[in-house]
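Student: To start, I am sharing the structure in question, which I have written as structure tokens.
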Amino acid sequence: MLGLSQVGVTIAAFGTQILLARSLSQEAFGTFTAALAVVSLTAPLAVFGVPELWLQRFGREGERAHRWIGPSLRVVAVATAVTVAGMLAWSLGEWSDPEAAGVRALLTSVVVAQAGLALVGSVQQLQGDYRGLSALQVAPHLARVLVVLAVWVFGLSVFAAATGYAVVAALAVIACVIVMRPFVRRLTALDGHSRVAPAKAPTRSISEPAVRASRVGAARVTGAATPFVLGNLFYLIGMYLGTVVAAESLGPAAAAVLAVPMSVLTAVYLIPRIVYQQYFLARLHRWSVTDRDAVLIAYRWGGAGMLVLGAIIAALVALGGLPVLPFLLGPDYVESAAVLAVLALAIPFRFGGAAVAALLTSGGLLRRKVAYQGVGALMYLVALAVATPLWGVRGTAAATVVAEIVLCALFWIAVRRRVVGDDHLPSWRDLRRRLTRGNPGAS
């Protein structure tokens, strides 16, 4: 189900970019994509790492982690309000161009929707509801396709496109509230955990009273979630900062040329995020304290497998983009195909890095992982500052590749030294035995 939803998200995201590029002038398209990039960069501040925090706490504490929900939601509410206020203030800075200011203000609503979708995504992972998670991923993108189709068919303006995105965001928030209510009220079971009655617990382990007695407040949530929010922010810097820098230093037209290949890269990067952030992360948190062999298998075969898969996809993206992008977008976007070929070099490193980074997150090395992400973000900033003025959008793409290589190397070395250590790595036979365990027909 997650794989099918990935295909739907990829097609929908790419389709909206193509239709918008065909429907709007290059400058208007650049304004829209640059504003949406800034919105995406600020979304982690609104949700403040709470979805990842829930996966961690519920993975370790089971039903007892419900005590984190109330304070976490209060933190998210405050963070979202502050972020939205900042985005609205930023939109006022473009008041000399009312249309651009209106686009920025309307797209601010996407911040709230992304925060709600991230929270519900974690809830569905904890419940093992991957069908619902798959639908959640696809639905907003399909709704945006309808908006962009209307813009294309009726020749609407960029302001109308932003208005449609705002309506989709409002509907997404309503849906998130409906899905979240049973979880907040403890009416649903957690996947992989035995149910604990909220009112009483006649039998408790030695360590359980301390867990039940410790209170969770907003300050504790903020401290525990800060590494997650920084990690998300550093991740999105790698995805969207290049477009923002291109818009500010090279102009909206350059941002438009970069936006389409970056949207392809964003869609491709959903694969490792789905595999490790939406499917395996909750399990890795459990395995880190209960199943050492599973962690070692995830390192050896998960990391190598993702690296190979990334290389195959990179070749397909680079070769396919050269003829397809100019055909779909027109002569104004010939440069986008060359930019995509450069960006494709980053794909294997992002896939391999995502696989080992998940082991740092679940292995008690989250702060170290975030520190490495900070180094990667700093490297990206330096590379952008040097390469963009010299080589334009191709330089921006090359800076993205350099940052991905550095980050993947840091993650891999850290996991090898601090998670795997001197342990014996499982063979292919061990992996087969693990996958077929419990199957009566397996030999």
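The values are calculated or read from the model by the stated rules, or taken from the named source; none is laboratory data. Just so you know, these numbers come straight off a predicted model, no measurement behind them. Please note: Cβ atoms are built from the backbone with ideal geometry, for glycine as well, and neighbour counts cover all protein chains shown. We work out accessible area using only protein heavy atoms, side chains counted, and drop any ligands, DNA or RNA first. Shrake-Rupley method; radii C 1.70, N 1.55, O 1.52, S 1.80 Å.
Student: Can you tell me which residue among Ala219, Ala225, Ala259, Ala247 is surrounded by 17 or more Cβ atoms within 10 Å (Cβ to Cβ), among the hydrophobic types (A, V, I, L, M, F, W, C) and at pLDDT 85 or above? Show your work before the answer.
Tutor: Working: Ala219 fails: surrounded by 17 or more Cβ atoms within 10 Å (Cβ to Cβ); Ala259 fails: at pLDDT 85 or above; Ala247 fails: at pLDDT 85 or above.
Ala225 is the lone residue from the list that is surrounded by 17 or more Cβ atoms within 10 Å (Cβ to Cβ), among the hydrophobic types (A, V, I, L, M, F, W, C) and at pLDDT 85 or above.
Student: Please verify whether Gly320 is closer than 24 Å to Leu258 by Cα, assigned to a helix (DSSP H, G or I) and free of Cβ contacts under 8 Å to residues at least 24 places away in the same chain, treating the condition exactly as stated.
Tutor: Spelling it out, Gly320 is indeed closer than 24 Å to Leu258 by Cα, assigned to a helix (DSSP H, G or I) and free of Cβ contacts under 8 Å to residues at least 24 places away in the same chain.
Student: Also: Under 7 Å between Cβ atoms, at least 6 apart or on separate chains: pull out the pairs that start in the stretch 284-310 with a residue that is closer than 20 Å to Gln125 by Cα and open to solvent by less than 30 Å² (accessible area, probe 1.4 Å) and end on any residue that is of a type in the set (Lys, Arg) and not in a loop (DSSP other than H, G, I, E, B).
Tutor: Filtered contacts from the stretch 284-310: His285/Arg60.
Student: If you don't mind, another one. Counting just the residues of the stretch 1-13 that are in contact with a helix residue (DSSP H, G or I) (Cβ under 6 Å, 6 or more places away or on another chain) and either in a helix (DSSP H, G or I) or modelled with pLDDT of 85 or more (or both), which one comes out most open to solvent (accessible area, probe 1.4 Å)?
Tutor: That would be Thr10.
Student: Kindly provide the set of residues from the stretch 1-32 that are closer than 18 Å to Leu329 by Cα and either without any contact (Cβ under 8 Å) to a residue 40 or more places away in the chain or in contact with a Leu (Cβ under 8 Å, 6 or more places away or on another chain) (or both), ordered by number.
Tutor: Thr10, Ile11, Ala12, Ile18, Leu19, Ala21, Arg22, Ser23, Ser25, Phe29, Phe32, listed by residue number.
Student: Just checking, which of Ala337, Ala341 is at pLDDT 90 or above, closer than 18 Å to Ala398 by Cβ and either acidic (Asp, Glu) or open to solvent by less than 20 Å² (accessible area, probe 1.4 Å) (or both)?
Tutor: Every option except Ala337 fails the conditions.
Student: How many of the residues in the stretch 141-170 are farther than 17 Å from Thr33 by Cα and free of Cβ contacts under 8 Å to residues at least 40 places away in the same chain?
Tutor: Of the residues in that region, 6 qualify.
Student: Looking for something at pLDDT 95 or above, over 21 Å from the mean Cα position of the chain (by Cα) and over 25 Å from Arg57 (Cα atoms) - is there at least one such residue anywhere in the stretch 165-172?
Tutor: yes
Student: In addition: Would you please list the contacts, defined by Cβ atoms under 6 Å and residues six or more apart or on different chains, that run from a residue in the stretch 48-74 that is touching a residue at least 12 places away in the same chain (Cβ under 8 Å) and of a type in the set (Lys, Arg) to a residue that is open to solvent by 20 Å² or more (accessible area, probe 1.4 Å) and not in a helix (DSSP H, G or I)?
Tutor: What qualifies is Arg67/Val216.
Student: Taking the stated definitions as given, is Val401 over 16 Å from Leu345 (Cα atoms), touching a helix residue (DSSP H, G or I) at 6+ places or on another chain (Cβ under 8 Å) and surrounded by 12 or more Cβ atoms within 10 Å (Cβ to Cβ)?
Tutor: No; evaluated as a whole, the condition is false for this residue.
Student: Just one of (1) at pLDDT 85 or above; (2) exposed (fewer than 13 other Cβ atoms within 10 Å of the Cβ); (3) of a type outside the set (Ser, Thr, Tyr) trips up Gly242, so point out which.
Tutor: (2)
Student: Only residues that are surrounded by fewer than 17 Cβ atoms within 10 Å (Cβ to Cβ), more than 23 Å from the chain's Cα centre (by Cα) and in contact (Cβ under 8 Å) with a residue 40 or more places away in the chain: list them for the stretch 370-392, please.
Tutor: Residue satisfying the conditions is Pro389 alone.
Student: Please indicate, with yes or no, whether at least one residue in the stretch 88-98 is closer than 21 Å to Glu27 by Cα and among the acidic types (Asp, Glu).
Tutor: Yes; the residues of the stretch 88-98 include at least one that is closer than 21 Å to Glu27 by Cα and among the acidic types (Asp, Glu).
Student: What are the residues in the stretch 288-314 that are over 27 Å from Phe58 (Cα atoms) and more than 20 Å from the chain's Cα centre (by Cα), if any?
Tutor: Ala304, Gly305, Val308, Ala311, Ile312
Student: Check Ile174 against each of (1) open to solvent by less than 60 Å² (accessible area, probe 1.4 Å); (2) under 29 Å from Ser23 (Cβ atoms) and name the one condition it does not meet.
Tutor: (1)
Student: In contact with a helix residue (DSSP H, G or I) (Cβ under 6 Å, 6 or more places away or on another chain), open to solvent by less than 50 Å² (accessible area, probe 1.4 Å) and at negative phi, is that true of Val356?
Tutor: When the stated conditions are applied, Val356 passes them.
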